[in-house]
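Before I ask anything, here is the structure I am working with.
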Amino acid sequence: MYREFRPDRRLAPYVECGWLRSGSSTRPVRVIPDGCVDVYVTAQGKVMIAGSASTYFDVPAGDCDVLAGLRLRPGAAAAVIGCPASEFTNQRHPFDSAFGGAGPRIADSLFGATTPRERIAILTDAVADHLAGSNPFIDRAVSSAVSVLRIQPYRPVSVLASDVGLSERQLRRRFDIAVGYGPKRLGRVFRFQRLLDVVYAARDANSWSQLAIAAGYADQSHMINECLALTGGPPTALHVRTMP
């Protein structure tokens with residue numbers, strides 16, 4: 001079972017949602033990219049950071065037991081973890097590799113918690129305390145560009161850079177730091193996330209060509225190619241929800 005909830009108000013500028021996952025799986029779980037970085041806790045009490053994914057990956061069955069996590073907003077990761085988000089792209093690292101000496105202490109507290117909600121509360125307090133003492137910086141130009149891409153994921157990088165008063169080179173460099181990869185890749189991810197919303201809402205009521213256009217793709221072939229690149233499977237497999 002998976003469910004999301006609103007972040008603590010202290011973390012609202014940085015965290016998109018908190019999430020809890022319970023139950024166990026005997027098979028790997030496929031994860032598809034959403035442009036976010038996650039700080040999460042395993043059933044064994046380990047605290048991990050999962051960087052922005054540029055394509056799909058499979059989580060081993062043994063790692064899919066009870067998890068609690070915070071999903072960082074695209075563009076906010078560098079402010080929270082204190083280093084460029086690109087250092088974590090397509091990787092998972094222990095919590096203390098980004099948060100220094102506080103990691104083992106927090107991990108001990110989390111290991112002693114008996115429920116996922118306790119773990120998420122401890123993790124929330126730890127991240128809030130870290131931010132309170134670190135004077136985090138969010139790149140406002142990148143945040144503005146991310147907001148534009150949510151609405152217009154197909155917007156050309158040259159136009160997007162002009163929108164926020166940067167050169168294309170500056171925008172790409174600052175996206176790498178704040179998001180983990182460039183604006184073109186994030187636009188592709190956002191458009192695919194829109195396709196997921198359209199598919200789940202349609203419930204087979206529309207043709208795939210109509211769904212492709214509704215999600216912002218040029219045509220059905222474009223959608224199919226993106227689906228294969230970002231999920232490793234055809235669009236028909238999207239009716240089976242993947243792990244967020």
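The values are calculated or read from the model by the stated rules, or taken from the named source; none is laboratory data. Just so you know, these numbers come straight off a predicted model, no measurement behind them. Methodologically, a virtual Cβ is constructed for each residue, glycine included, from the backbone with ideal geometry; neighbour enumeration extends over all protein chains shown. The accessibility values were calculated without ligands, DNA or RNA, using every heavy atom of the protein model including side chains. Shrake-Rupley method; radii C 1.70, N 1.55, O 1.52, S 1.80 Å.
Those residues that are modelled with pLDDT of 90 or more, assigned to a strand (DSSP E or B) and over 15 Å from the mean Cα position of the chain (by Cα), I need them from the range 4-27; list them, please.
none
Say we look at the range 191-229 and pick out the residues that are open to solvent by 20 Å² or more (accessible area, probe 1.4 Å) and of a type in the set (F, W, Y); which of these is nearest to the chain's Cα centre (by Cα)?
Here the residue is Y200.
Let me ask another. Among the residues of the range 135-163, how many are open to solvent by 70 Å² or more (accessible area, probe 1.4 Å), assigned to a loop (DSSP other than H, G, I, E, B) and within 14 Å of P13 (Cα to Cα)?
2
Name the pairs whose Cβ atoms lie under 6 Å apart, with the first residue in the range 145-174 and farther than 21 Å from P84 by Cα and touching a residue at least 60 places away in the same chain (Cβ under 8 Å), the second crowded, with 20+ Cβ neighbours inside 10 Å and aromatic (F, W, Y), and 6 or more positions between them or separate chains?
Close Cβ pairs satisfying both conditions: P153/F190.
Would it be correct to say that F175 is buried (at least 18 other Cβ atoms within 10 Å of the Cβ), within 14 Å of the chain's Cα centre (by Cα) and not polar (S, T, N, Q)?
no
Being modelled with pLDDT of 90 or more and open to solvent by 30 Å² or more (accessible area, probe 1.4 Å) is the filter here; which residues of the range 28-56 pass it?
Answer for the range 28-56, where residues must be modelled with pLDDT of 90 or more and open to solvent by 30 Å² or more (accessible area, probe 1.4 Å): D34, T55, Y56.
Taking the condition more than 19 Å from E16 (Cβ to Cβ) and open to solvent by less than 70 Å² (accessible area, probe 1.4 Å), does A132 pass?
Taking the combined requirement at face value, the residue does not satisfy it.
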